[in-house]
Amino acid sequence: MRGIMTLILFTQIQYQILKQLSPPASMDTASAYIGKSKILKLLGDDFYSHIRDKVVIDFGCGTGEDAVEIAQHGAKRVIGVDLRESVLEVGRKNAAAAGVSDKCVFTTVSQELADVIVSLDAFEHFEDPAAILRIMEGLLKPDGSVHVSFGPTWYHPLGGHLFSVFPWAHLVFSERALIRWRSDFKT
């Protein structure tokens, strides 16, 4: 019982420190890529030439920023796939705002085969990554390619994939304290 009480107190102290260090309004991990292409940073400078005039699936597309960028840089068609209809709707709006809705489709399931499948920062959210790879294989043309970037937290510019109070905060604060702090402003 004493160990549990110590853990609770430790988490409470870390949580209070986090609240003082960085109020929720200052959180914006997307700023790590301002002025940079996340796609080029993760997949290399020749990626746009690789997708030119091809059908691309953005698997785990979220709100579609990467799908829109791929469409803007020469893909014939981009299919953004995600389980969450709410983020797909944002993707549709993003594509319309960028003038590429004629090249971008956002859906929960695709039957169309792709020349290229891209999945950025999504695999760590999949319960069964091997099953996802089998699904991707079924969506890929015989001569197609899959480009995946996921990973250890150090792959993210701030050291934490979804949020970071400061770079590498997860090395200083417990996961419980960070999650409790984050839940103050995001479910």
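Things worth noting here:
- Long-range amide H partners of W168 with built H, under 5 Å: G159, G160
- Förster radius 30 Å - calculated FRET efficiency between R176 and D45 (Cβ-Cβ, nearest 0.05): 0.15
- Förster-model FRET efficiency, 30 Å R0, R84 and Q20, C-beta, rounded to 0.05: 0.35
- Nitroxide proxy distance, nm - points 7 Å out along Cα→Cβ at Q72 and D102: 1.8
- Partners for K186 among lysines (Cα-Cα distance below 22 Å; same-chain residues under 8 apart left out): K19
Just so you know, all these numbers are worked out from the coordinates, no wet-lab data involved. Note that the coordinates shown come from a computational prediction; the quantities given were computed from them, not determined experimentally. No Cβ is skipped: glycine too gets one built from the backbone with ideal geometry, and neighbour counts run over all protein chains shown.
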